[in-house]
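To start, the structure itself, in structure tokens.
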Amino acid sequence: MKKLFTLMAVLLFLAFSSNTFAQLAKDSWGFGFGVSYPRLTSHNPGIWPQNESVGGFLTIQRNFSEHTALRLQGRFNHISYAWGAGLSRDGNTNLISGNIDFVYTFVPCESVSPYMFAGLGGVYQMYDNPPDPTLDDLLDYQVNLGLGIDIDLSSTWALTAELGIHQVPNTSLDGQYGTGLGGIFGATTDAYMTFNLGLMYTFSKGEPSKYCQLYDGISADVPEIDYERIENIVKKHIPKEVVKEVVVERPMDQKWILVGVNFDFNKATLRSESYPVLFHAVQVLLQNPDMRVEIQGHTDNIGSDDYNMKLGERRAKTVKDYLVARGISADRLSVRSFGESQPIADNKTADGRAINRRVEFKVLN
């Protein structure tokens with residue numbers, strides 16, 4: 001028993017000192033193996049569990065999603081106990097079991113991830129020097145419940161440690177018929193628990209999962225954005241107006257063209273390269289809590305005027321929703337669509353139309 005805990009401590013140290021963690025897949029297979037320390041939790045008076053118990057297991061596991069799996073497990077457990085006057089005699093119950101368990105992983109994106117399992121199995125009970133010499137070997141079923149933890153060691157290997165309790169429907173697990181206590185939910189039939197330590201090898205991984213991106217925010221593999229080129233295109237196509245000298249009583253309305261916040265054709269969803277730009281806009285608005293902004297949506301000239309007005313409004317609302325989700329009060333934001341009426345680039349070219357599918361901010365105060 002002491003050696004088992006020493007081995008567990010060494011493996012835990014190696015796990016936490018490792019810098020390589022598993023890439024989560026949407027689905028995969030796993031093969032596991034390990035050692036167990038079984039111990040009776042329910043036994044008759046005059047019978048006492050001993051520390052010489054030992055066991056082992058083999059597992060094949062199908063991971064259907066990031067959270068759920070089904071595993072088939074074969075186990076052998078050698079459970080020892082003392083009985084008789086002064087507990088002077090030794091007895092053993094050997095268990096061979098096959099189990100099918102449902103496994104639920106709570107935080108699959110972490111390198112250290114707890115899980116729970118529940119299931120059923122068949123168990124063959126064999127007795128060696130039991131207190132009741134009339135006992136015959138017995139084939140029965142068992143109910144399994146437990147908690148465990150997976151610790152990533154590499155992209156394919158994980159350390160598993162778990163505690164399980166296994167309830168059988170008979171009262172002879174300790175080599176003698178009789179009512180005991182310590183079963184699942186207070187059951188009066190016999191039960192035993194297992195402390196398990198093993199390794200799991202993951203193979204046949206499916207498509208890489210994007211589930212864990214929720215932890216790190218929105219990310220995507222996109223080519224490097226040439227913002228300078230986009231800005232030059234915008235400046236090149238801004239209409240040049242001849243303005244005579246005018247005296248104004250107040251400053252001109254301030255307007256931001258959000259370079260980089262553009263949309264795919266006929267879409268109102270944000271592209272991945274838009275998020276850094278909008279993040280900066282959020283910081284400006286947070287630093288100026290009195291600033292009120294009109295979010296103006298624009299389109300290219302493909303489609304009817306009426307349709308493009310609605311599309312521009314949807315684009316402006318998408319940006320507003322993003323800002324509100326990041327803590328900007330909706331009362332400070334309004335939306336307005338100009339459709340295709342205010343191009344800043346030539347709609348005859350694909351680049352020009354891409355630039356025109358944009359959003360601008362107009363500062364209202």
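Backbone geometry of segment 133-147 corresponds, through the Karplus equation with coefficients 6.51, -1.76 and 1.60 at θ = phi - 60°, to 3J(HN,Hα) couplings of x, 8, 5, 9, 4, 9, 9, 8, 10, 9, 9, 10, 9, x, 10 Hz, x marking Gly and Pro. Taking the Cβ of LYS26 as the centre, find all other residues whose Cβ is under 12 Å away and add up their charges (Lys, Arg: +1; Asp, Glu: -1). In short, -1.
Net charge of the neighbourhood of ALA268, taken over other residues with C-beta under 10 Å away and scored Lys/Arg +1, Asp/Glu -1, is +4.
Pairs to check: LYS267/LYS362; LYS26/LYS310; LYS210/LYS317; LYS26/LYS267; LYS267/LYS348; LYS317/LYS348. Give those whose C-alpha atoms are more than 30 Å from each other in this structure. Pairs exceeding 30 Å: LYS26/LYS310. Each Lys or Arg adds one and each Asp or Glu subtracts one; over the other residues with Cβ under 15 Å from the Cβ of TYR115, this totals -4. Remark: SER28, SER272 ranked as SER272, SER28, counting other beta-carbon atoms within 10 Å and listing the fewest first.
The numbers here are math on the coordinates, done by the rules we state, and not lab data. Computed from a predicted structure; not experimentally measured. All Cβ positions, glycine included, derive from the backbone under ideal geometry; neighbour counts span all protein chains shown.
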